[in-house]
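Single-structure report; data block below.
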Amino acid sequence: MFALRSLAFKSVPFLGKSQLVNSGLHTSASWSGAKVAVVLSGCGVYDGTEIHEASAILVHLSRGGAEVQMYAPDVSQMHVIDHGKGVPAENESRNVLSESARIARGNITDLVKLSVSDHDAIIFPGGFGAAKNLSTFAVDGPDCKINADVERVLKDFHKAGKPIGLCCISPVLAAKLLPGVEVTVGHEEEKGGKWPYAGTAGAIKALGAKHIVKEVTEAHVDQKNKVVTSPAFMCETQLHLIFDGIGAMVTNVLKLSGK
């Protein structure tokens, strides 16, 4: 079970060897010209995109010389969480595309318009929005449904042999859609609370995917499927370590793009 630690999550019961790649932290290498789509799921860890993860991805993509366009589905959030109190807000609804525009500084495009032919790679930050708004994993676990456009673009990028990056909880999207894919969400045991969402690894296995144990500063590369994943905030640790792990993911995504 994906451990749930506040009233905000009482309704979400399931949030509870290709190549080993260590973190390519502050690399000066540049993949100029790589066009990367970043798919957001709202704004705020408990009901949308994890903002620190999104920012880290954008910083590493900028450092790598990539050209970025952000997308989000034009749908309602599953619910709205009061992030100060950790509880659902009563009688409030928000739109995923509009909320994602906060992170994108307004430069956001409806996910329905994303075409694989326009990009060299795609990346999904984590945050509970990936499990609530891009899918129903938060409620349904391995029996979840995936947003139709999320499913379309993931399958299109996979079919085209273009790299896919996912971090935190978002690897469950690949696990659901790409049979036999290798992903990581970190460790498979909580280890005294350091990995509070370790139960997610079991759900990934139940989906028919292979889970690879990795540290927070690392990324796992499934060379066959060109899927790169990193644990990010699945681990309770210092922010700079999460930043470095995301850097490893982004670096390997850009390498696989061939640009």
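Between residue 85 and residue 145, the contour length at 0.36 nm per residue exceeds the Cα-Cα span by 18.7 nm. Within the range 40-173, DSSP assigns beta bridges of which about 40% are antiparallel (rounded to the nearest 5). Among the trypsin sites (Lys or Arg not before Pro) in the range 103-182, those located in a DSSP loop and surrounded by at most 10 other Cβ atoms within 10 Å of their own Cβ are 105.
Restricting attention to the range 186-259, lysine pairs at least eight places apart or on different chains and with alpha-carbon atoms under 19 angstrom apart total 13. Extension gain for residue 118-residue 35 works out to 29.1 nm (0.36 nm per residue, less the C-alpha to C-alpha distance).
Over all other residues within a Cβ to Cβ distance under 12 Å of residue 245, the charged ones net out to -3, with Lys and Arg as +1 and Asp and Glu as -1. Annotation: amide H of residue 186 within the under-5 Å range of 214, sequence separation 5 or more or interchain, hydrogens built in the peptide plane. Dividing the summed -39500 (n - 2.57) terms of all DSSP H runs of n ≥ 4 by the residue count of the chain sets its mean residue ellipticity at 222 nm at -8000 deg cm²/dmol. Averaged per residue, the chain has 40 square angstrom of accessible surface, using a 1.4 angstrom probe with ligands and nucleic acids left out. Residue 149 sits among other residues whose Cβ lies under 12 Å from its own Cβ, and their net charge, with Lys and Arg +1 and Asp and Glu -1, is -1. Electrostatic bookkeeping for residue 89 treats Lys and Arg as +1 and Asp and Glu as -1; over the other residues with beta carbon under 11 Å from its beta carbon, the sum is -2.
The values are calculated or read from the model by the stated rules, or taken from the named source; none is laboratory data. Values in this document were obtained by computation on a predicted structure and should not be read as measured data. Because the Cβ atoms are built from the backbone with ideal geometry, glycine has one as well, and the counts that use them run over all protein chains shown. Heavy atoms of the whole protein, side chains included, go into the accessibility calculation; ligands, DNA and RNA do not. Shrake-Rupley method; radii C 1.70, N 1.55, O 1.52, S 1.80 Å.
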